[in-house]
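Presented below is the structure to which this report refers.
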Amino acid sequence: MKLFALNSGKILKHLKDFSLTEAGVLPLFDIKELKSNADIEREIGEQKNYCCLLSEDSEVAYFAFKAFARNNPGSGMIVFSAQPDEGWLKRLIDEKILDKNNLILVGTRSFTKESRKFMVENNIKNFSMREISFEQHWEVTDGIMSVARQWSKAYISINLGVLDPAFVPGASSVEPGGLSTRELLYMIHRLKMLRNIGMAEVTGYSQEKDDNELTSKVAAKILVELS
């Protein structure tokens, strides 16, 4: 699998810690390190097969999905994030790159008045942590898959901050009450069963905060299971 990486040395180092995926498959990565958002947009634009993107900064998703959508019109995004007011996400919708009806938010739990208003006015599909705790993550995953399989292609965006800080103390932003690592892996394993998954990304990592490298190991584990 092609893996594009931007400023993610610690995470790349830990990829070798996993000999096999949990399904018993050998994870093979063709890693290409990039230096800029322009690199991301160019490389993703040339990519025809399933690939992954790894970056500290979640803003790269704007450039990656913009290039991805050009090759795959009618695509949608499944965004795992604690915060629904990601600036890049609103930009994709405002610029008509992403159809608001083809967006699913998962794991949200940190809202502002503005972000709540944006979600309500645009009728954004949202599975908050409150709903996940009520409905259970497997039932929520069923709902996500029933919508996502209708898209031409699905793009999975995972910000590490969707996880509870107990699992990722080195995430760029930490919000209490998030998913466990196992819950997220369950959802990844299920989503990978969809035939229209076109790309995935892992963002929201801070090398400065990752003193014991627990977060980089979790990020590497997620990438391995996405491969």
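Overview of values
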read-out: Residues Glu59 and Glu208, FRET efficiency given R0 of 22 Å [Cβ-Cβ distance, rounded to 0.05]; value: 0.80
read-out: Cβ-defined net charge surrounding Glu201, 12 Å radius [Lys, Arg +1; Asp, Glu -1]; value: -3
read-out: Fewest-first ranking of Trp138, Trp151, using other Cβ atoms within 10 Å as the exposure measure; value: Trp138, Trp151
read-out: Tally of Lys pairs whose C-alpha atoms are under 16 Å apart, taken over the stretch 116-227, 8 or more apart or cross-chain; value: 4
read-out: For peptides 63-70, 115-122, 18-25, sequence by mean Cβ density within 10 Å, most packed first; value: 63-70, 115-122, 18-25
read-out: Trypsin sites (Lys or Arg not before Pro) lying in DSSP loop within the stretch 8-49, provided at most 15 other Cβ fall within 10 Å; value: Lys35, Lys48
read-out: Inter-part distance where the stretch 191-227 and the stretch 105-179 are each reduced to a Cα centre, Å; value: 16 Å
read-out: Relative contact order [Cα under 8 Å, 6+ residues apart], the stretch 2-226, whole percent; value: 25 percent
read-out: Label point distance in nm, Glu131-Leu26, each placed 7 Å from Cα along Cα→Cβ; value: 4.2 nm
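Laboratory data are not the source of any read-out in this text; all were calculated from the coordinates shown. Worth saying up front: this structure is predicted, and the values here are computed from it rather than measured. We place every Cβ from the backbone using ideal geometry, glycine too, and count neighbours over all the protein chains shown.
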